[in-house]
Structures are given as structure tokens and as C-alpha cells.
Amino acid sequence: MLWKAKTIGQTIEEISAAAASSTSFQLHSRFANGFNLSSQHQLIYVGNDRKGTIPFGIHLSAADFDQIGTIHRPFYFERQLDSWLLTNQEYQIDLQTSKSFDGRLNRIKPENLKEKMAALSTYELRTGMDFSAELAGASPVFQRLFSPERTSFTKSFFYYIGRGIGLTPSGDDFLIGLLAVDQVFQFLSADFRPVLLELAAEGKWTTSVSNAYLTCACNNQFSSLIKNTIDALDGSWQNWQQAITDLADSGSTSGCDTLAGILAGANLYLRKGELNQ
């Protein structure tokens, strides 16, 4: 069966171009809305777009995705004229007519930031970890993440990375939220991302799924749900409320863990601004 992808993440273009025809992607994990394929340290998500778009995702319409049954064979990329096909002989997904999703976040001038963070702080975030100390700015391990010293923030990485359960542990989602809000305010050390990228590349500190998300976040590539949330900082209250609701409803606790990272980072930025006035 052949389907046409609706949207592909920006990193899919890089993955397909770099993958040799002999590179196979095995089924890694499957959910109601999609499944992950893996090849060594490379991960691809194939799914519908009910829960947004991700940087390493190939997204089909919900109707097309629902036709995919049991996966028996590995997938590989096959060149077709000026495009690529993701195929395992049973199923084929044509990437040619798909829209490319750009998950980059841009610096903005948030409207009513303090008020929006105050509203978010009243939201019931069903996180997988207790982030109350981080949200209050009272956690020493959290504060070390903002140190200019490489050895200091690296120690804190080892507290958060891989902490929690599931394919994307809560500590990882929290870091992704922090990275997202830093794209707006730029308060983290210049070495923060390179060090985190090194840890993700080692592939032994957390899950392969989290490593894929962390790698994308360090390269300023985020899911559409996170992008919508950050963009809504520069928008109406209605857009803000909708964005945080959509993100909070994603995953078991992943969306809420990410929102906790956004809120904790923004709170610290606001407190520092008040101290400097």
C-alpha cells in the first residue's frame, strides 16, 4: 500500500539523504497515534498529526495512518527520482508532496510575560516528577543549570537526564522545556547545548527516544506543540490558553513536564530581571 506523507520534520530530509539504501529501520515502539523506527542511534517517528508534528516525524493523515496494520519487516529509504520513499515492501510512504515542518523557535518580545507565567503557575500540571522546588527557584541543582561553569551545569545534567519512567522520562522533558524558553531569552551558557549534545550522542544516559528529542532541541528544532506555546507568548490570551492546553494534553506527563521546564526557566528570567532593576 502506498500513502503520501502530509508533513515531514526538517530532520527527516537530512536523515533520508544520509541513510544508505542498506540502512534498515526496525520497529522500536508503537502507540495509538504513531510508531518509532530506529537504526543504531537514529530515530524516526511515523504517525498521524492528531498530536502535532515533530522534527524527526513523518506525518500522514489520520485516515491513512489508521490503515497501517502489523509491521513485520524493517523500513528503509529508497530514492525515487527527485524524492524519497520510506518503504518495507508491505507499506510505502511517498515524501515528495509532503510539507516540510520547521520547528525552529525565533526570539520574540513576549506580551504580558509575567501575567502569562502567573496564569500558567495556577494550571494543574500533572508532572511525572515533583518540580515544585524548581518552579520556586529554590532547587540548588536547578540553579546550577544556569552556571557559566561547564563542570557545574554538567553535574545538574546527570540529575535530570533520564530521571523518570517511560520513553521520555520527566527530567528530559523538563530540560526540553528549559531549552525552548532559552531560545527566547538566551540565559543559558554557550556551552550548555554542546555538552548536552555530547551526552545524547553517547546514548547511555536516557532512552533513545529522549536522545532524539534532546538532540533536536539542542539544534533549535521543537515539536509544533512546543513551538505554538512559545509563539503564543507573543500573542493573545486565547492563543496562549489553547497552546498550553494542547501541550499539557500530550503524552502521559510529557507535555506537563515540558511546561514545567518552560515555567521554571521563565520564572528565573523574571526574578533576575527584577533583581537588576
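The values are calculated or read from the model by the stated rules, or taken from the named source; none is laboratory data. Computed from a prediction, not measured in an experiment: that's the story for all the values here. As a convention, Cβ positions derive from the backbone with ideal geometry for all residues, glycine included, and neighbour counts pool all protein chains shown.
Listed values, structure above:
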quantity	calculated
Residue selected from the range 122-138 under the condition among the hydroxyl-bearing types (Ser, Thr, Tyr) and modelled with pLDDT under 95, by the criterion nearest to Thr168 (Cα to Cα)	Tyr123
The range 173-206 - residue that is closer than 21 Å to Ser223 by Cβ and aromatic (Phe, Trp, Tyr) and, of those, nearest to the chain's Cα centre (by Cα)	Phe174
Members of the range 53-80 found to be surrounded by 21 or more Cβ atoms within 10 Å (Cβ to Cβ) and either within 16 Å of the chain's Cα centre (by Cα) or polar (S, T, N, Q) (or both), listed by number	Thr53, Ile54, Pro55, Phe56, Gly57, Ile58, His59
Test: Gln89 is in contact with a Lys or Arg (Cβ under 9 Å, 6 or more places away or on another chain), buried (at least 17 other Cβ atoms within 10 Å of the Cβ) and at pLDDT below 95	no
Check on Lys51, assigned by the TED database to the domain that holds Asp249 and either basic (Lys, Arg) or in a loop (DSSP other than H, G, I, E, B) (or both)	no
Output for the range 100-115, where each listed residue is at pLDDT 90 or above and under 22 Å from the mean Cα position of the chain (by Cα)	Ser100, Phe101, Asp102, Gly103, Arg104, Leu105
Boolean, Ser83 is closer than 30 Å to Phe174 by Cα and of a type in the set (Ser, Thr, Tyr)	no
Residue satisfying all of: in the range 1-52; aromatic (Phe, Trp, Tyr) and more than 16 Å from the chain's Cα centre (by Cα); nearest to Tyr91 (Cα to Cα) among these	Trp3
Single match in Ala266, Ala212 (criterion: surrounded by 22 or more Cβ atoms within 10 Å (Cβ to Cβ), assigned to a helix (DSSP H, G or I) and in contact with a strand residue (DSSP E or B) (Cβ under 8 Å, 6 or more places away or on another chain))	Ala212
All positions within the range 20-48 that are surrounded by 15 or more Cβ atoms within 10 Å (Cβ to Cβ), touching a Gly at 6+ places or on another chain (Cβ under 9 Å) and in a loop (DSSP other than H, G, I, E, B)	Asn33, Asn48
Near pairs, Cβ below 7 angstrom, 6+ apart or cross-chain, from the range 8-19 (acidic (Asp, Glu)) to any residue that is surrounded by fewer than 18 Cβ atoms within 10 Å (Cβ to Cβ)	Glu13/Ser100
Test: residue in the range 183-204 that is more than 21 Å from Arg144 (Cβ to Cβ), outside any loop (DSSP other than H, G, I, E, B), basic (Lys, Arg) and modelled with pLDDT of 95 or more	no
